[in-house]
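Taking it in order: structure first as structure tokens, then the write-up.
The values are calculated or read from the model by the stated rules, or taken from the named source; none is laboratory data. Please read these numbers as outputs of a predicted model, since none were measured by experiment. Heads up, the Cβs are rebuilt from the backbone with ideal geometry, glycines too, and the neighbour counts pull from every protein chain shown.
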Amino acid sequence: MTVLSSELRVPAAQYIRMSTEHQRYSLEIQTAAIAEYAEARGFAVVQTYTDAGKSGLSLKGREGLKQLLADVVTGKHSYSAILVLDVSRWGRFQDADQSAHYEFLCRDAGVAVRYCGEPFENDGSMGRTPYGIRRLVVGEHGGHRFLLGPGEQKGLMTDRVVFVPGPPEEVGTVRRIFRMFVSQNRNMTSIVKKLNEEGVPSTDGRAWTLGRVRTVLTSELMTGYYVYNRKTRKMKATATAKSNPPDLWIRTRVMDPIVDAKQFAMAQRERGRKSGNAFVKPDMIDRLKRLFREKKKLSRAIINACPYTPCIRSYYAHFGSLRAVYAEVGYESPWPFPRRDRKFSDEDLLNGIRRLRATFGFVSVGLINRDPDLPSCELFRRRFGSIIEAYGLAGFPTTRSEAIIAARKRAGLRLQEGLRYDASKSRSERDS
């Protein structure tokens with residue numbers, strides 16, 4: 001007999017989705033798992049949103065999720081949390097930012113999104129699994145059950161999750177990236193270009209980026225070791241976590257290596273050299289002078305492609321601007337310097353914020369970075385201490401409550417526009 005708790009419970013909605021009846025987790029299983037989570041965590045499910053037989057690749061046709069978002073944004077809800085089995089039930093959007101955006105709309109309206117798969121697992125895979133590696137669910141007797149996709153979690157308490165090397169073609173690509181970086185002396189930019197030119201797919205079939213190549217080259221999972229205790233934060237502390245020195249990091253063997261430890265160490269030394277950490281200013285200038293003599297001109301692309309000079313970002317870090325670097329070697333560029341090298345007064349920057357506000361009705365980091373007449377947001381932070389401080393000096397809201405209200409208005413407008421677009425598209429499809 002189930003004993004009903006007399007404690008006051010937090011009202012919550014549940015969202016359940018299944019694209020086909022053959023999926024591993026049926027709507028009934030999801031509902032049962034969410035009910036167990038709610039009972040253990042003090043929630044009471046007061047409303048259910050369902051998308052049965054709907055793909056998670058887009059918002060199209062998912063009337064349950066659309067109604068949930070509309071209720072949350074417009075305030076027509078009586079709950080303060082949304083319970084979902086795992087990230088894959090929320091959606092398998094091709095653009096990860098789309099999934100995060102919908103979750104942000106809920107959080108911004110004061111409704112937390114809880115993934116209920118967590119109480120059934122002790123999955124050591126913190127963060128996203130790197131390219132070339134997979135998470136495998138192992139049964140209580142050691143038998144291999146199935147591979148987990150991005151955002152998926154195990155569903156049985158007796159199961160455990162382990163890391164394993166990915167498909168042979170991905171393992172081969174990982175090893176090739178290390179060879180190109182260490183043996184062929186290629187920089188990460190040229191590796192990205194080479195892989196994309198050959199049509200080699202990255203994670204989820206997308207194009208390669210500097211960040212993705214960097215993750216492959218720096219993740220110790222490639223050597224079979226998982227590293228934790230990189231950061232420390234005291235219990236109940238509100239401050240950000242403090243980074244621990246490398247000698248306090250803890251490494252544990254979790255899978256067979258994809259690359260050997262010697263090649264991985266060589267890659268890290270090469271990263272230090274190419275980032276400029278192994279150079280002093282006179283050496284950097286000497287190498288740039290040599291490059292100038294060979295090429296008769298200089299540019300970002302030329303410097304980044306050179307095997308014996310640090311990357312352009314390192315020159316920025318050491319000398320402050322491209323103009324200063326070129327002056328050191330006696331080179332005069334025939335092209336105008338980029339906006340980050342122009343001189344901006346405080347009033348220029350604040351007027352830029354006011355102009356964006358007048359044009360778009362709000363100001364964001366993305367708008368600042370995309371504006372061709374303004375420097376990146378990093379200059380605003382260096383000049384004023386933070387973006388919020390710059391907003392205040394420009395005469396705009398800076399308190400948390402004011403910022404939340406403004407963000408909620410923007411999110412509501414974007415969602416309403418999206419819903420109107422879906423509705424008009426549906427009408428046009430019926431008419432046709």
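Report the residue count in the stretch 42-78 for those that are within 19 Å of Thr31 (Cβ to Cβ), under 28 Å from the mean Cα position of the chain (by Cα), not in a loop (DSSP other than H, G, I, E, B) and not hydroxyl-bearing (Ser, Thr, Tyr).
Qualifying residue count for the region: 6.
Can you find, within the stretch 18-60, the residue that is modelled with the lowest pLDDT among those that are of a type in the set (Lys, Arg) and farther than 18 Å from Val111 by Cβ?
Arg24
Looking at the stretch 62-89, which of the residues that are modelled with pLDDT under 80 and in contact with a strand residue (DSSP E or B) (Cβ under 8 Å, 6 or more places away or on another chain) is surrounded by the fewest Cβ atoms within 10 Å (Cβ to Cβ)?
Val87
Inspect all residues belonging to the stretch 372-394 and state whether any of them is of a type in the set (S, T, N, Q) and at pLDDT 60 or above.
Checked against the condition, which is being of a type in the set (S, T, N, Q) and at pLDDT 60 or above, the stretch 372-394 yields at least one hit.
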